[in-house]
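The values are calculated or read from the model by the stated rules, or taken from the named source; none is laboratory data. Remember, predicted model here, so these are calculated numbers, not experimental data. No Cβ is skipped: glycine too gets one built from the backbone with ideal geometry, and neighbour counts run over all protein chains shown.
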Amino acid sequence: HDVAMRIAAGEVVERPVSVVKELLENALDADSRRISIFLSQGGKSSLVVEDDGRGIAFDDLPLALERHATSKLSSLEDMEAIATLGFRGEALPSLAAVSRFEIRSRSVDDARGGVLRVEGGQPLLHAPLDLPRGTRVQVDDLFFNLPARRKFLKSASAELRRILSLVQAYALAYADRAFLVQSEGRTVFLSPGDGDVAALLRSLWGDDPPLRHLDVSVESFHALGWWQPAPGRGKSDVTAFVNRRRVQEGLFRAALASPGGDISGQWLVFLETPLDEVDVNIHPAKTEVRFRKSGPVFEVLRRLAMAFLERPQS
Ligand code: ADP
Ligand code: MG
């Protein structure tokens, strides 16, 4: 069981950035306004995600660490239109199986909170604790009991770069929430949570050449795009979101390139679709999505690129 759990955990968490992704998603699903991340050694030795969201009741803490125990889906119909970032109930048990893990939480409805500590899947402590509202998860010594996986981790600075790029992407998608990242006690990223995507994007990408912004709809599919052109560079970086979930950008890149113009530069694209048009339950990491109708999805992204290429000043 122990070994099976560790193998399964390997599908959900590959490296520190996947830990951050799962914990961020949980914080966002809990309607947090403020999410802080504290890292040591690029998350390899210690990684903390703290939020001010709904929290977890004391008695439910052990349940949150049980495999496939999600509070987010209650019926099969829910599976047809997944509205939360998490739904598989695998992240916390996976993390607890492959690290020294601690969760502290106080639910909105409770006067006191609690702490639960687990090491390599073995419960060590479950005790009440006075806490502010919200949740704090600490993952120390990731893969300490999975040396084969630990060997594949990159340098602390390389892991930190991946984490920063993920958090910055989520900070853009959730510009109404405040994000903080500290590494070895120093602030390396801060977003105000004032909802101003353009200002945040300018602070990350600069405004030279100026950022461009357009949106396009096809049926009930909407694409919102930000583009900072870099003419002639021959390379485009695409950050892709579907319904505010970060996804692999392959389809986006192909559709944006399909009109045949020069789409060099940085792209941030948010695709909004009806929830029942996408299936996110493809892989435990949830970064792949499948569309019920791929035609209008491709078309709306293609038209977004065309709109940019036809109107060079927007
Ligand atoms: P999932 O997100 O797929 O439901 P997880 O293993 O990530 O599964 O989390 C298990 C459960 O723990 C969640 O369904 C949720 O009820 C609770 N939980 C986890 N993190 C938080 C958080 N930051 N705030 C509130 N509840 C949380
Ligand atoms: Mg989750």
TODO: For region 191-199, state whether one or more residues are of a type in the set (A, V, I, L, M) and within 23 Å of ALA83 (Cα to Cα).
DONE: yes
- [ ] Can you confirm whether region 36-48 contains a residue that is within 14 Å of ligand 2 (Cβ to nearest atom) and under 28 Å from ALA127 (Cβ atoms)?
- [x] no
TODO: Kindly check whether there is at least one residue in region 10-24 that is surrounded by fewer than 20 Cβ atoms within 10 Å (Cβ to Cβ) and either within 11 Å of ligand 2 (Cβ to nearest atom) or modelled with pLDDT of 95 or more (or both).
DONE: no
Open item on the list: Which residue is surrounded by the fewest Cβ atoms within 10 Å (Cβ to Cβ), if the candidates are limited to region 62-72 and must be assigned to a loop (DSSP other than H, G, I, E, B) and more than 8 Å from ligand 1 (Cβ to nearest atom)?
Closed with: HIS68
Task: Among the candidates ASP59, ASP78, ASP31, residue that is surrounded by fewer than 19 Cβ atoms within 10 Å (Cβ to Cβ), within 12 Å of ligand 1 (Cβ to nearest atom) and assigned to a helix (DSSP H, G or I) - done: ASP78
- [ ] Restrict the check to region 89-97 and report whether at least one residue is within 12 Å of ligand 2 (Cβ to nearest atom), surrounded by 21 or more Cβ atoms within 10 Å (Cβ to Cβ) and closer than 19 Å to VAL247 by Cα.
- [x] yes
TODO: Select, from GLN266, GLN228, GLN248, the only residue that is touching a residue at least 24 places away in the same chain (Cβ under 8 Å), out of contact with any Pro (no Cβ under 9 Å at 6 or more places or on another chain) and of a type in the set (S, T, N, Q).
DONE: GLN248
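Each row is one residue, and each column tells you yes or no for (1) of a type in the set (S, T, N, Q); (2) free of Cβ contacts under 8 Å to residues at least 40 places away in the same chain; (3) surrounded by fewer than 20 Cβ atoms within 10 Å (Cβ to Cβ).
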{"position": "PHE179", "(1), (2), (3)": "no, no, no"}
{"position": "SER191", "(1), (2), (3)": "yes, yes, no"}
{"position": "GLY195", "(1), (2), (3)": "no, yes, yes"}
{"position": "ASP207", "(1), (2), (3)": "no, yes, yes"}
TODO: Name the strands (runs of 3 or more DSSP E) wholly inside region 84-200 in which the number of residues that are assigned by TED's automatic domain parsing to the domain that holds ARG246, within 16 Å of ligand 1 (Cβ to nearest atom) and under 16 Å from the mean Cα position of the chain (by Cα) is 2 or more.
DONE: none
TODO: Starting from residues that are at pLDDT 95 or above and assigned to a strand (DSSP E or B), keep the ones in region 247-275 and report whichever is surrounded by the fewest Cβ atoms within 10 Å (Cβ to Cβ).
DONE: GLU272
Open item on the list: Given the criteria under 20 Å from the mean Cα position of the chain (by Cα), farther than 16 Å from PRO16 by Cα and in contact (Cβ under 8 Å) with a residue 24 or more places away in the chain, does SER40 qualify?
Closed with: no
Open item on the list: Exactly one of these conditions fails for GLU50: (1) in a strand (DSSP E or B); (2) more than 22 Å from ARG162 (Cβ to Cβ). Give me its number.
Closed with: (2)
- [ ] State the number of residues belonging to region 276-314 that are in contact with a Leu (Cβ under 7 Å, 6 or more places away or on another chain) and assigned to a loop (DSSP other than H, G, I, E, B).
- [x] 1
- [ ] For ARG292, work out the one condition from (1) more than 18 Å from TYR174 (Cα to Cα); (2) in contact (Cβ under 8 Å) with a residue 24 or more places away in the chain; (3) surrounded by fewer than 19 Cβ atoms within 10 Å (Cβ to Cβ) it doesn't fulfil.
- [x] (2)
